[in-house]
Amino acid sequence: MAQDTHDAGQPSDGRAAQRLDSSGSPRPWLDRRHLIGAYAVFLAYAVLFAVFSRGEDQVWAIWASCGYAAALFMLWRWPPRTVAVLVSVAVAVVAPLLWLSLAYPLETGMWVIDRSASLLLHHGTPYLYSWQVTSWQSYNPYLTVMALFGMPSAAGLGGVAGNSGVWIAVATVVILAAAFWAAVPHRGCTTCRRDALLAAAVAVASPVIGLNLAVITTDPPVLALILLSMALAARPPTTTARPPTTASLLGSAAALGVACDLKSTAWLAVPVMAAMFARRDGARAAARFVAVSLVTTAVLIVALAPAVLIRPAAVTALVQNSVLFPLGLTRYKTPAESLLPGHLLTDLGAAGHVLSVGLLLAAGLAIAVSLVIRPPGDVPAAARRLALGLTLIFLLGPAVRFGYFIYPLGLLGWLALTHTDTTGREVGDGRKPVPWIRVGRQSSS
């Protein structure tokens, strides 16, 4: 990739991009060989899922097996990569999403979102008050922004247009595309733009995100916003001596603030990213990042639950629904089951539940200590640290399902898709490629 265009005697980004176009992408996970390997793994996973799963998961697996097989054949027989990947998106994600949206009843999570939107319109809060809670389905474990996905249904739209899951999928794809686009090395580089589209499509088609979009879960848009925040926080690859611009820092903080007001699973990203900013750019940058993130979240809560300003019961309902219920500390508890350690401990009774929460708090403390002793020095290190921290929390949490592992898997997949070959091989015009995101002071996670 071209170096800084101000370097004396060096060609412009445009001429370097033309040379790069003729030699292919420097991102190893986006070449045909790696894509063929990845889609072979996708296909094997989907086939196994089709055999051993049931219900909506099995429907997705059957569609996905066809989509992955078609993409694998196209990648093997024809050079164009983008067309093959887009075919997999259409068959493995879009088709089962529409099929399940029309042929199956609304998922409990989507019903909760639709109800929260209706409550917001009529009562100024997306939560039922404590005296209105009659079962575990009365709780709304999401933050206030999630109610926006139910607004089309609350406004009277029916069918696919009023399906909150479809709007979650649309928002996820748009945000993911923005995340990959925000991180391209050179905006004028044709190959960089093509790779951004290709990487976003591979991410959407992968079982990690594609399954969650098709069967409709609430985690994909939260993950997408975390990735957008990280992409905006990365230093510009041609100006590694300078921190991100003010607009990039504020955009990164705002994106994470929105994620935090979608679901509490995004909260750990705030201290991890703050520690990264503190080490890389100084305490002032970290403070600005935290302040903007928290203000964004607070403003959205007030805007989308204005009742909290005038009714103390609304504040209690917010805490009860979005904090206590996910921790299993409410009267009614989710019937969802898993074989994760935290859930198994909870099944032992009150003592096991206390132990699970205690281990969860201990894991949080350990993560905090690690951020102080050895903070991540760049965005990839922050992504790895966040993936590790979330894995610990999900293993030990009292009411966590396997689907939550979309976050650590998605973070690691994003690093693989966006990693630029920095092994020293020459690209395009005969010069070493500029790293895409692995820039600045390096640090292990």
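The values are calculated or read from the model by the stated rules, or taken from the named source; none is laboratory data. Treat the numbers as computed from the prediction; the structure is a model and nothing was measured. Here the Cβ is made from the backbone with ideal geometry for all residues, glycine too, and neighbour counts use every protein chain on show.
Observations on the model:
- Residues of region 104-115 satisfying the condition of being assigned to a loop (DSSP other than H, G, I, E, B) and free of Cβ contacts under 8 Å to residues at least 40 places away in the same chain: Pro105
- Yes/no for Ala147 being in contact (Cβ under 8 Å) with a residue 60 or more places away in the chain, aliphatic (A, V, I, L, M) and buried (at least 19 other Cβ atoms within 10 Å of the Cβ): yes
- Listing of helices (runs of 4 or more DSSP H) fully contained in region 279-373 that carry 2 or more residues being free of Cβ contacts under 8 Å to residues at least 24 places away in the same chain and closer than 30 Å to Ala247 by Cα: 283-304, 350-373
- Candidate set from region 151-185 (those that are surrounded by 20 or more Cβ atoms within 10 Å (Cβ to Cβ), in contact (Cβ under 8 Å) with a residue 40 or more places away in the chain and of a type outside the set (A, V, I, L, M)); member that is farthest from Glu107 (Cα to Cα): Pro185
- Test result for Leu198, touching a helix residue (DSSP H, G or I) at 6+ places or on another chain (Cβ under 8 Å) and within 19 Å of Pro221 (Cβ to Cβ): no
- Verdict on Ala214 being buried (at least 22 other Cβ atoms within 10 Å of the Cβ), hydrophobic (A, V, I, L, M, F, W, C), within 17 Å of Ala90 (Cβ to Cβ) and in contact (Cβ under 8 Å) with a residue 40 or more places away in the chain: yes
- Considering region 151-165, and only residues there that are under 17 Å from Leu102 (Cα atoms) and either within 20 Å of the chain's Cα centre (by Cα) or in a helix (DSSP H, G or I) (or both), the residue that is modelled with the lowest pLDDT turns out to be Gly159.
- Between Leu304, Leu268, the distinction of being surrounded by 14 or more Cβ atoms within 10 Å (Cβ to Cβ) and over 20 Å from Ala381 (Cα atoms) belongs to Leu304 only.
- Meets criteria (more than 30 Å from Gln137 (Cα to Cα), crowded, with 19+ Cβ neighbours inside 10 Å and among the hydroxyl-bearing types (Ser, Thr, Tyr)) for Ser88: yes
- Being touching a Lys or Arg at 6+ places or on another chain (Cβ under 9 Å), surrounded by fewer than 19 Cβ atoms within 10 Å (Cβ to Cβ) and part of a loop (DSSP other than H, G, I, E, B) is a condition met by at least one residue of region 376-388.
- Test: residue in region 332-343 that is under 24 Å from the mean Cα position of the chain (by Cα), hydroxyl-bearing (Ser, Thr, Tyr) and under 27 Å from Met146 (Cα atoms): yes
- In region 116-144, the residues that are touching a Ser or Thr at 6+ places or on another chain (Cβ under 9 Å), assigned to a helix (DSSP H, G or I) and either surrounded by fewer than 23 Cβ atoms within 10 Å (Cβ to Cβ) or of a type in the set (A, V, I, L, M, F, W, C) (or both): Ala117, Ser118, Leu119, Leu120, Ser130, Gln132, Trp136, Gln137
Listed here are the residues, each with its yes/no results for (1) modelled with pLDDT under 75; (2) over 20 Å from Ile209 (Cα atoms); (3) out of contact with any strand residue (DSSP E or B) (no Cβ under 6 Å at 6 or more places or on another chain); (4) not polar (S, T, N, Q).
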{"site": "Leu340", "(1), (2), (3), (4)": "yes, yes, yes, yes"}
{"site": "Leu344", "(1), (2), (3), (4)": "no, yes, yes, yes"}
{"site": "Leu360", "(1), (2), (3), (4)": "no, yes, yes, yes"}
{"site": "Ser370", "(1), (2), (3), (4)": "no, yes, yes, no"}
{"site": "Ala382", "(1), (2), (3), (4)": "no, yes, yes, yes"}
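- Selection status of Ala274, surrounded by fewer than 16 Cβ atoms within 10 Å (Cβ to Cβ) and either assigned to a helix (DSSP H, G or I) or at pLDDT below 90 (or both): no
- Ser101 of a type outside the set (A, V, I, L, M, F, W, C) and at pLDDT 95 or above: no
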